[in-house]
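Here is the structure we will look at.
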Amino acid sequence: QVQLVESGGGLVQPGGSLRLSCVASGMIFQIFHMDWYRQAPGKQRELVASITSGGTTNYADSVKGRFTISRNNAQNTVYLQMNSLKPEDTAVFYCHARRATREYWGQGTQVTVSS
């Protein structure tokens, strides 16, 4: 059974940093492309950052230069380093794995940016 378990969310002041982690199990992690999505209250879920199985990364314009996605295949983990956080980054962040027709979601972790 595939599981994606996120951690690292919390409350942070504007300008602060957080590092999200997503640990995968029950799958061959290194062949999956991995994404971080977020969903703010009243808004649609949006793609924040992606990293392919080969390590190519892509970012939403709103987070370029502030967020960094990375992966450690030996630890079946994908990370999202978030710097210079803004109140508008407040959302539930979800880990997503995809490969061909298969996709899996984590349960989400709350990030709140507020003073």
task = Pop out the carbon and sulfur fraction of the accessible area of the chain as a percent, whole number, probe 1.4 Å.
result = 46
ask   = Using 1/(1 + (r/R0)^6) with R0 = 30 angstrom and r between the beta carbons of Gln75 and Glu46, what's the FRET efficiency to the nearest 0.05?
value = 0.65
note = Between Asn58 and Arg102, Cβ-based FRET efficiency (R0 22 Å, step 0.05) works out to 0.65
query = Roughly how many Å² is the accessible area per residue of region 51-115, as a whole number, for a 1.4 Å probe?
reply = 52
key: log₁₀ of I(q)/I(0) at q = 0.12, 0.16 Å⁻¹ - region 1-110, Debye sum with one point per alpha carbon   = -0.36, -0.65
Region 7-46, accessible area per residue, ligands and nucleic acids excluded (1.4 Å, Å²) = 54
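The values are calculated or read from the model by the stated rules, or taken from the named source; none is laboratory data. None of the values given here were measured: they were computed from a predicted structure. Here the Cβ is made from the backbone with ideal geometry for all residues, glycine too, and neighbour counts use every protein chain on show. Just the protein is used for accessible areas: all its heavy atoms, side chains included, with ligands, DNA and RNA removed. Shrake-Rupley method; radii C 1.70, N 1.55, O 1.52, S 1.80 Å.
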